[in-house]
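The values are calculated or read from the model by the stated rules, or taken from the named source; none is laboratory data. Being a predicted model, the structure only gives us computed values, none of them experimental. Neighbour counts are summed over all protein chains in view; Cβ atoms, including those assigned to glycine, are modelled from backbone coordinates with ideal geometry.
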Amino acid sequence: MQVNFMIKVSDLSFSYNNVDEALKHVDLEISKGSWVSILGHNGSGKSTLSKLLVGLLSPSSGEIYIDGMKLDEAHIAQIRKKIGIVFQNPDNQFVGVTVKHDIAFGLENQCIPYNEMVEKIHHYASLVGMEELLSKEPHQLSGGQKQRVAIAGALAMEQDIMILDEATSMLDPEGTQEIITLIKLLNKDLNKTIITITHELSFAAQSDYLIVLKDGEVILQGTPKEVFNQEDLLKSSNLELPFGLSLYNEVAKDHTIDHKVLEALWAFNSKT
Amino acid sequence: MNNITIGQFIPGNSWLHKLDPRIKILSLVILLVGTFMIPISVNPIPLITMSLIFVGIMVLTASSGIPMRKVLNGLRPIVFLLTFTFFIQLFYVKTGTLVTDPIVMYISLTSIAGIIIWLIFYNWSKKYIKTRILYFFITAFMVFFIQAMLPYVSFTSYTLYIYDEGLIRAGFIFIRITNVIIMTSLLTFTTMTTDLNYGIESLLKPLKVIKVPVDVIAMMLSLTLRYIPTLLGETEKIMKAQASRGVDFKESKFKDKVVQIISLLIPVFVISFKRAEDLGNAMEVRGYVIGAKRTRIDEYHIGFVDIFSLIISCVILGLIIYSKVIS
Amino acid sequence: MGIQFKDVSYAYKGLKVNYDAIRHINLNIKDKGELIAIVGQTGSGKSTLVQHMNALLLPSSGNVVVFGQNLPPKKKEKINYLRQKVGLVFQFPEYQLFEETILKDIMFGPKNFKSTEAEAMIMAKKAAQIVGIDESLYEQSPFRISGGQMRRVAIAGILAMEPEILVLDEPTRGLDPRGRNDLMAIFKELHEKDNKTIILISHDMDLVSEYAKRVIVLDDGILVFDGTKEDLFEHPDFESFHLDLPTPLKILKYLEKEVGIPYQPKYDFDSLLNYLKEVAHE
């Protein structure tokens, strides 16, 4: 039964122009309410995967099931109500002339009546902390603020799954922190299923489950602890452990060091 | 962040600000049509009508709370056109009765020198003058005045005839252009770009009947408005980046300038194409289907003031058509 | 020589009010041997400051002297040549690429500064080598390579001009960790081999702590600190600078709080590891 998993991907392959194999026989399962990070070097296929999951691309072979429903032409409209995505470039997904108009965009497309729209916009703008800025135009906002608006727009569609495709890559540390805080809120308080696609392991360290892609294949998956233990495998896929995690691994190898220190180091890495 | 806002909107609370944008645009169109329907003729009545319209526009401006200076500054871009047209009409119309004796204009050593000296003075002193538009007119007038007053060491001369019909025509066209510009400026000063967008979209809706893709055009318009400030900001960044590589319009030769412009244009195009692709994806994922039915977050209500304004505009147009018909 | 700021302020003209981006900045930068990081919150004036270094912006008040050239310049004085002496690389510099081939694009800068075609090609090839762009890519379109490679081509475009001082605005922004390390290694080598003065704007305190010798901190347009990185991170008023600590120090402070290990500043991996081995036995 597919309904146990929020997302089930079976033997998924995709080639651009039937030549470059971007994804090769990928199998994955993502459970409801979890926060999964998909890690990989540039060109590992992670962006292709996210586009396939939201139906922007069609698989060359294999199947995708979203909340039990098969992702295909016939079901695409319904699937779009279940899964949303925030892309990397804050300016290239901000459609509306003002914050209010942008959050409304998805709702307008769904023909939500006016009064309901107004209510939802205020509710979700508040949730992401943008309710004071509803009449601002995008060029008056920071990158972090624009991404928060994108998230509000996705939330307003009340989809259960949200993909954040390198959503913080173009932001400064402040903006990145704003988004991480929001993600935690969405996952813990609103029980959304969150998929973050990133190359920052420090970001991924805070999620529940990691999937590592290399050259279109899944080479590693597991909890952050399990995955970060495989430092060599990660290095071979061009992923470098950040300072804190590398230190953790080294300290873990050295048995002369107090294990309380080791635990504290792990706590440090997963708290940011 | 930039201080640019899209358009020239100046916030305010006047009745003009509060008018429904559809009514405002419709009224503007009606009044513009009326203004152009007033015939240019030597009969003083059209001139009076046009002047009355000018007075009416001044009253509108005063009631809108928009500073008069800002509105008149809207004429700056066309100051040259206004002056040129005025003088052409003045000197080329040779019907009617002469207003003054024929004026002899001398192109002489002294008059040319005089003009050059005046123009240098104008160029240097204009930054100290507040009423630039008026100053420009004065300068244009001085060019002729000098030619009339300095005949010494003359190479050649010509004669200017000022007829009353020329004066009337020149004045008429001058006021007409001014009216059109100010009316349109009042619209953009008192209407937010989002409202203008909505107004244009609504008014174009009837074209759906003849299969014009109004929704698509409206979305394109809306996206264009949204991206103008962003693009301007990006263009500025690219200009700075290329300037850091030696691009300098002030200090370079002409043939270099061509490559330099390309170095600005290509990155802007590349950014825009990537943007188009990303935007298309984002809109698709958010459920946008071209041509499909959508609700709108903007709601506008037509009130008593709106209907009244529209009626007045129609009445004015009606009167103009009526007066045309009976004459 | 070098760059001197004397009581420099710059105000952007807003709609109704002018906005002071930097105020009363006094600064001396030598033309050789410096590796400076400029840090501060978003909006603190860092970008505005560095744009004065190659005369892209001229001070509203005060004077900047760049390699002996006084700014603002006297009327009719040419200042474009300064942009060859002080090479400025903006954020996301890959957006500046436009030529048909990668080599041509790198040659653009030198050619604007009166190098001949042949000279420019030599300079361009040298720069391409420094950033690690292989010969096989020279005739490729700059738009057909990866984002990381595009960034290197853009940086090569500035290096090819052979500037005496290199200024980089967040050169590693948007790059993955491997890309960041590779790029910083290039700058480090440039600095060590040619004793070039390199100035970096960065938000990444780890990068600052690893590479910078001197740190300049801006807060709301004012210069609040100018000294070594050790002095910065151990400064009693550090909180008031609104900066993050680099990760090694964050870890040490955390360990002090949670397990009582006495805080001693350590800035790199090995010294931190050794310290822990010393003091944190079972």
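General remarks:
- Of all residues making up the range C:230-265, the number that are within 20 Å of the chain's Cα centre (by Cα), free of Cβ contacts under 8 Å to residues at least 60 places away in the same chain and assigned to a loop (DSSP other than H, G, I, E, B): 3
- Residues of the range B:259-288 classified as modelled with pLDDT under 90 and over 30 Å from C:Phe108 (Cβ atoms), total: 0
- C:Gly227 being facing another protein chain (nearest Cβ under 10 Å), of a type in the set (Gly, Ala, Ser) and without any contact (Cβ under 8 Å) to a residue 24 or more places away in the chain: no
- Within the span defined as the range A:92-110, every residue fails to be over 26 Å from B:Val216 (Cβ atoms) and more than 7 Å from chain B (Cβ to nearest Cβ).
- Flag set for B:Met68, criterion: within 25 Å of B:Thr191 (Cα to Cα) and either touching a residue at least 24 places away in the same chain (Cβ under 8 Å) or not small (Gly, Ala, Ser) (or both).
- Single match in A:Ile121, A:Ile64 (criterion: at pLDDT 90 or above and closer than 29 Å to A:Phe5 by Cα): A:Ile64
- When C:Lys125 is tested against (1) loosely packed, with under 14 Cβ neighbours inside 10 Å; (2) not in a loop (DSSP other than H, G, I, E, B), exactly one condition is not met: (1).
- Some residue of the range C:134-155 being within 24 Å of A:Pro173 (Cβ to Cβ) and either of a type in the set (Asp, Glu) or in a strand (DSSP E or B) (or both): no
- Qualifying residue in the range C:69-89 (condition: closer than 20 Å to C:His203 by Cα, in the same structural domain as C:Lys196 (by TED's automatic domain parsing) and either touching an Asp or Glu at 6+ places or on another chain (Cβ under 8 Å) or buried (at least 22 other Cβ atoms within 10 Å of the Cβ) (or both)): yes
- Selection of first residues in the range C:175-197 that are away from chain A (no Cβ under 13 Å) and within 15 Å of C:Val89 (Cα to Cα) and of second residues that are hydroxyl-bearing (Ser, Thr, Tyr) and not in a helix (DSSP H, G or I), restricted to Cβ pairs under 6 Å at least 6 apart or on distinct chains, gives the following pairs, ordered by first then second residue: C:Leu183/C:Thr172.
- Taking the range C:73-82 as the range and being at pLDDT 90 or above and either more than 23 Å from the chain's Cα centre (by Cα) or of a type in the set (Ser, Thr, Tyr) (or both) as the test, the residues that pass are C:Pro73, C:Tyr81.
- Tabulated pairs, the range B:178-203, first outside any helix (DSSP H, G or I), second among the basic types (Lys, Arg), C-beta under 8 angstrom, 6+ apart or interchain: B:Thr191/B:Lys24
- Considering only residues in the range B:202-218 that are under 29 Å from the mean Cα position of the chain (by Cα), hydrophobic (A, V, I, L, M, F, W, C) and surrounded by fewer than 18 Cβ atoms within 10 Å (Cβ to Cβ), the one that is farthest from A:Gln93 (Cα to Cα) turns out to be B:Leu207.
- As for the range B:223-233, it holds no residue that is in contact with a Leu (Cβ under 7 Å, 6 or more places away or on another chain) and surrounded by 15 or more Cβ atoms within 10 Å (Cβ to Cβ).
- Scanning the range B:146-159 for residues that are closer than 18 Å to B:Thr100 by Cα and buried (at least 17 other Cβ atoms within 10 Å of the Cβ) gives B:Ile146, B:Gln147.
- Every test in (1) within 14 Å of chain A (Cβ to nearest Cβ); (2) farther than 23 Å from A:Thr98 by Cβ; (3) assigned to a helix (DSSP H, G or I) is passed by B:Leu265 save one, and that test is (1).
- Scanning the range A:10-27 for residues that are surrounded by fewer than 21 Cβ atoms within 10 Å (Cβ to Cβ) and within 23 Å of A:Phe87 (Cβ to Cβ) yields A:Ser15, A:Tyr16, A:Asn17, A:Asp20.
- A Cβ distance below 6 Å, combined with a sequence gap of six or more or placement on separate chains, defines the contacts here; from the range B:238-255, residues that are within 7 Å of another protein chain (Cβ to nearest Cβ) reach residues that are surrounded by fewer than 12 Cβ atoms within 10 Å (Cβ to Cβ) in the pairs B:Glu251/C:Lys78.
- Test: A:Asp232 is more than 18 Å from the chain's Cα centre (by Cα) and more than 10 Å from chain C (Cβ to nearest Cβ): yes
- Of the residues making up the range C:97-122, those that are in a loop (DSSP other than H, G, I, E, B) and within 17 Å of B:Gln242 (Cβ to Cβ) number 7.
- Restricting the range B:74-87 to residues that are in contact (Cβ under 8 Å) with a residue 60 or more places away in the chain and not in a loop (DSSP other than H, G, I, E, B), the residue that is surrounded by the fewest Cβ atoms within 10 Å (Cβ to Cβ): B:Leu81
- Top-ranked residue of the range A:58-91 - restricted to ones that are part of a loop (DSSP other than H, G, I, E, B) and more than 10 Å from chain B (Cβ to nearest Cβ), ranked as surrounded by the most Cβ atoms within 10 Å (Cβ to Cβ): A:Leu71
- Tally of residues being facing chain B (nearest Cβ under 9 Å) and either in contact (Cβ under 8 Å) with a residue 40 or more places away in the chain or buried (at least 23 other Cβ atoms within 10 Å of the Cβ) (or both) across the range C:44-54: 1
- Strands (runs of 3 or more DSSP E) within the range A:163-268 that include 3 or more residues modelled with pLDDT of 85 or more and crowded, with 20+ Cβ neighbours inside 10 Å: A:193-198, A:209-214
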